[in-house]
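What follows is a set of notes on a single structure, which appears directly below.
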Amino acid sequence: MNDDQTLPKLEKKQGTVAPSFSQSNIQLISFDDVQSIIPLSKSRIYALIKARKFPPPVKIGEHRACWIRHEITAYRDERIAARQPWEGGDT
């Protein structure tokens, strides 16, 4: 069975572009899960989203949003890679 048979068809709306990635590996996570990966406050996360410096949520309902796990872990990994190496002394 291919992805076209297992995924619901997306409606084409005027002015929108359908995603071009494989949706079979996408895992949506809650805000609590985001905070367990990136320990920042809710207000700080939303400020970073507004500044376009943090992955935005995916609206899955009128009052529900989730995040794509690999985008959040990629954000975390980028922060780790960007830090200065630690040059600790002898213990």
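The values are calculated or read from the model by the stated rules, or taken from the named source; none is laboratory data. In this text the structure is predicted, and so the values were computed from the model without any measurement. Neighbour counts run over all protein chains shown; Cβ positions are idealised from the backbone, glycine included. We work out accessible area using only protein heavy atoms, side chains counted, and drop any ligands, DNA or RNA first. Shrake-Rupley method; radii C 1.70, N 1.55, O 1.52, S 1.80 Å.
Take the conditions (1) in contact with a helix residue (DSSP H, G or I) (Cβ under 6 Å, 6 or more places away or on another chain); (2) open to solvent by less than 70 Å² (accessible area, probe 1.4 Å); Q27 misses just one of them, which is (2). In the set L40, L48, only one residue is among the aliphatic types (A, V, I, L, M), surrounded by 10 or more Cβ atoms within 10 Å (Cβ to Cβ), in a loop (DSSP other than H, G, I, E, B) and at pLDDT 70 or above; that residue is L40.
When restricted to residues that are closer than 14 Å to V34 by Cα and outside any loop (DSSP other than H, G, I, E, B), the range 51-63 contains 1.
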